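The structure appears below as structure tokens.
The values are calculated or read from the model by the stated rules, or taken from the named source; none is laboratory data. Keep in mind that what you see is a predicted model, and the values were worked out from it rather than measured. Counting neighbours? That spans all protein chains shown, and the Cβs are built from the backbone with ideal geometry, glycine included. Only protein heavy atoms, including side chains, enter the accessible area calculation; ligands, DNA and RNA are left aside. Shrake-Rupley method; radii C 1.70, N 1.55, O 1.52, S 1.80 Å.
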Amino acid sequence: MGTYNEEEAIATVLEDIDEVTDGKAEVVCVDGSSDRTAEIAREHGATVVEQEPQGYGVAVREAILTPDRPVVVTTDCDDTYPMEALPEFLAEINDGADVVSGDRLYHGAEAMPAFNRLGNHAFAAVASLLMGERVHDTTTGMRAYRREIVEEIGWTENTGLSAELLIRPLMRGHDVRERPIAYAERLGDTKLDPIGGGAAIAKSIVTVCLEEQLRRF
């Protein structure tokens, strides 16, 4: 998890992870907070890597590469994602999937602001058109990856990293599966600028799709 001023939710998320994994998960939080997020995370047994805020992708990259585990799961720390779905994600990996991606939009994502929901549908439509393959949620924060998959693809994006980590494996023929998940109202205030962030994500989707198309020639 990349964490930034999530003291209202971080304890709940870590307690839920601990419960559904029987305490076997190694949790890494890459934190640039000015509140008590890092302190609370440590109190709940997480490894905290403190980092000056440099954007979503920089934090998540560090969080993925820090643990030496064959399977890495990403999630947000605002209590919007269902930690009870983690065993199902891991079962898909054990069944042969390389990437398992949570589809927040399948059930409607009513807890998501309408503008964000519309934007996420648009991102998925653009990515599907450019890839020639249907995807439903390009920017979900909840995914499971085989570690070697994310290590081998060259990451380039920051704000659009979530889309990149779906698009590149899919366009390179890896077994990428979308799984419907519930999406809850977040605890605490959002940090995302829907206009600036949305533009950056759209640019990343177009750039990454075109790069991957060119790789095929």
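Here are some notes:
- Test: Asp68 is in contact (Cβ under 8 Å) with a residue 60 or more places away in the chain, closer than 24 Å to Val99 by Cβ and of a type in the set (D, E, K, R): no
- Test result for Leu210, open to solvent by 60 Å² or more (accessible area, probe 1.4 Å), in contact (Cβ under 8 Å) with a residue 24 or more places away in the chain and closer than 22 Å to Glu6 by Cβ: no
- Number of residues in the range 154-183 that are open to solvent by 30 Å² or more (accessible area, probe 1.4 Å), at pLDDT 90 or above and more than 21 Å from Leu90 (Cα to Cα): the value is 5.
- For the range 97-171, the helices (runs of 4 or more DSSP H) that sit wholly inside it and include 3 or more residues that are aliphatic (A, V, I, L, M) and touching a helix residue (DSSP H, G or I) at 6+ places or on another chain (Cβ under 9 Å) are 114-131, 161-171.
- Restricting the range 88-115 to residues that are free of Cβ contacts under 8 Å to residues at least 24 places away in the same chain and under 22 Å from Thr21 (Cα atoms), the residue that is most open to solvent (accessible area, probe 1.4 Å) is Asn94.
- For the range 118-152, the candidate set comprises residues that are open to solvent by less than 50 Å² (accessible area, probe 1.4 Å) and among the basic types (Lys, Arg); within that set, the residue that is nearest to the chain's Cα centre (by Cα) is Arg143.
- For Gly197, the conditions (1) closer than 24 Å to Ala9 by Cα; (2) modelled with pLDDT of 95 or more; (3) assigned to a helix (DSSP H, G or I); (4) of a type outside the set (D, E, K, R) are fulfilled apart from (2).
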